[in-house]
Amino acid sequence: MKKLMMVAVCVAGMVSVSAQAQSVTQKSLSLTQANALASAAIQACTTKNYQVSVTVVDRAGVVKAVQRTDNAGPHTLKASEMKAFTALSTKNASGKVMESAQSNAGAQNLRDIPGLLLLAGGLPVKEGDETIGAIGIGGAPGGHLDEACAQQAIDSMNKS
């Protein structure tokens, strides 16, 4: 009986080790893509005379690109980063996360999670169905306008 138990433990250990040995392959936003997105977003916003900051993060939430127009308020920098992080971590538009928190009592505490900002202006960047990064914009006179500029930048990247 002891021998049978010992064999079972050894087999279970080998299965566990072999399952853990497999690596994960994931797509992520490149620096070239991040810079192109940030530039396209700045261009989309400045044609409408919006003074904004844009932050692009990769799939891990690490900042890849940041741009700020000359007259954007200092608060727009952190807001754009937090909107991008919110969109990335929820794999959803930050404005939709805000709406969910407002209408769903079970989601109201999302506002208390460090790093999340429940305002429109952040969008996930996808390649197929896979989220590879996110873009956040802060500074336009309304989050829906930030989001429109972000969407325009994503659309320009998808055309390339």
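The values are calculated or read from the model by the stated rules, or taken from the named source; none is laboratory data. Since this is a predicted model, take the numbers as computed values, not measurements. With ideal geometry, Cβ positions are generated from the backbone for all residues, glycine too; neighbour counts draw on all protein chains shown. These area figures cover heavy atoms from the full protein model, side chains too; ligands, DNA and RNA do not enter into them. Shrake-Rupley method; radii C 1.70, N 1.55, O 1.52, S 1.80 Å.
Here are the numbers for the structure shown:
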{"quantity": "Val56, Val62, ranked by accessible area, largest first (probe 1.4 Å)", "calculated": "Val62, Val56"}
{"quantity": "The stretch 29-71 versus the stretch 109-151: alpha-carbon centroid distance in Å", "calculated": "12"}
{"quantity": "Axial C-alpha extent at least 18 Å, average Kyte-Doolittle at least 0.0 - helices from the chain (DSSP)", "calculated": "2-20, 31-46"}
{"quantity": "Gaussian network model of the chain, Cα within-10 Å springs - most flexible of Glu81, Glu147, Glu99", "calculated": "Glu99"}
{"quantity": "Residue-count net charge about Leu31 - beta-carbon cut-off 10 Å; Lys, Arg +1, Asp, Glu -1", "calculated": "0"}
{"quantity": "Percentage relative contact order, the chain, counting C-alpha pairs under 8 Å, at least six apart", "calculated": "25"}
{"quantity": "Descending principal axes extents, the stretch 15-160, alpha-carbon based, whole Å", "calculated": "60, 41, 25"}
{"quantity": "Chain lengthening between Glu127 and Val24 when straightened (0.36 nm per residue, less Cα-Cα)", "calculated": "35.4 nm"}
{"quantity": "Surface accessible to a 1.4 Å probe, per residue, for the residues of the stretch 22-158, Å²", "calculated": "50"}
